[in-house]
């Protein structure tokens, strides 16, 4: 059912608190219409313009009610009747039958619009009630949350019941038996707790919202209902369920559906742990941390707490910085959160697409900023596997790219080896489209996990970045020395640019030069730094080189 405009928050607020003011504003508007009609050229049929009154009459009837609509109709009928001359120039009055018929029509329209609107509201309420009572209607009633009236600053218990073996129950016993079971749960709960709302957001879940007195007893009663309700059903029924609950203080502007995000997750965790119920505040797991990271990350992205650091990639032959790698940073509550703590979490959600778009935009804008300083430095951007699984990723990125005066060779894409594990065809398609456009593409963290040399010839890579783990102990680990040396030789033979990450000492740098590695990154050269510091570093580097010559 479509949302009636009376249900819009601003409209509901005005109707609830400002009915009289709405009527006064409406009467002033009608009076303005009356004066406007009196100013119309006498050669025109000014009575035709009285139809404008219908707009005001219908609005009042629909918003305030049938009696208000009737009053508005009478008021408009008087303004457009005995108070409005038939001939504006001569001042001749209208005949009684003429203006009385118009007054009657105005009044009926106001009354009927109010009645129809009230009937619509009743029908809407009945539909919501029906949805609550009949989950088998296929119209899952999450919209029923709109009609729940809670007390401000009151603590409520929020509960999710998750039916884990829903498919098995419906396949064996049928949908009717399953829905009878759900309705029986609702009936039993509301029998014990009168002021309790039970919502069916989808077939496998029930949401329960009630004023909290003693949540320990309340949750135990719900568990007992779930455990013993099968005794009252004709069919033999095994239900594997989990309960997640929390207590929340309600505030007037709260979105109630947001309350159940945490309890849905907690119910899933209860099933995973093979326990009957679990409270969200006691959920000390990666799942809770991931939820909180995702929630906080959205706010931080909107509040400019996500930003970029940049690290130079050094040409080992010349010692000059030839390009940069963009590295994301998150400052939350005054603390810098390492990327390895939040990126894996964000990759599990659709936020990764939003984040990549933002990073892509920031990097392009910084490249242009550098160019305005006379610095032509390509910048590499890390791309998630989730990005490359998205069929619209290339189109979305190019839509951003085409907004700027920039060349594809100015931006390099870095992808980790893990992207090569699944959905190979879609990944190849996306990478090939970027390559054909002129972008450079490198494998990041090469050798860390899923290396396959065949990818180097099959996929359109232009470079590899050897993982920093190989550089850390290369001075003492002869096996690593042979691996790195042979990898660099192979990449050079394939005309791939090779970068070694994690170079922290002059000795490691010298070994890489001896192996004919072209580029290196690491703290020996420069740590990642904010863009202002990076810009100054690049300008200083150019100045030093100029002085040498």
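Quick note: the coordinates plus some simple rules give every number you see, no bench work behind them. Just so you know, these numbers come straight off a predicted model, no measurement behind them. Here the Cβ is made from the backbone with ideal geometry for all residues, glycine too, and neighbour counts use every protein chain on show.
Panel order for 405, 444, 497, 473, by other beta carbons found within 10 Å of each beta carbon, from fewest to most: 405, 473, 497, 444.
Computed from the C-beta positions of residue 295 and residue 38, the FRET efficiency with R₀ = 56 Å rounds to 0.40. Give the shape of region 139-284 as rounded, prolate or oblate, defined through the alpha-carbon gyration tensor: a ≥ b ≥ c are the square roots of its eigenvalues, a/c under 1.5 means rounded, and otherwise the shape is prolate if a/b is larger than b/c and oblate if not. The shape class here is prolate. By the beta-carbon count within 10 Å of each Cβ, the least crowded to most crowded order of 474, 24, fewest first, is 24, 474. Calculated FRET efficiency, residue 433 to residue 369, Cβ-Cβ distance, R0 = 30 Å: about 0.65 to the nearest 0.05. Could you tell me which of rounded, prolate or oblate describes region 291-538, using a ≥ b ≥ c as the square roots of the eigenvalues of the alpha-carbon gyration tensor, with rounded for a/c under 1.5 and, failing that, prolate when a/b is larger than b/c and oblate otherwise? The shape class here is rounded. Using label points projected 7 Å from each Cα along Cα→Cβ, tell me how many nm separate residue 29 and residue 336, to one decimal. So the two model labels end up 5.7 nm from each other. The mean sequence distance of close C-alpha pairs (under 8 Å, at least 6 residues apart), as a share of the length of region 299-350, puts its relative contact order at 28 percent.
Neighbour counts of C-beta atoms inside 10 Å place 537, 376, 309 in the sequence 376, 537, 309, starting with the fewest.
Contact order normalised by length for region 291-538, with contacts defined as Cα pairs under 8 Å and 6 or more residues apart; what percent is it? Here the relative contact order equals 19 percent. Taking packing as the residue-averaged number of other Cβ atoms within 10 angstrom, the listed peptides 70-76, 263-269 run from highest to lowest as 70-76, 263-269. Rounded to 0.05, the FRET efficiency of the residue 343 and residue 171 pair, given R0 = 30 Å and the Cβ-Cβ distance, is 0.15.
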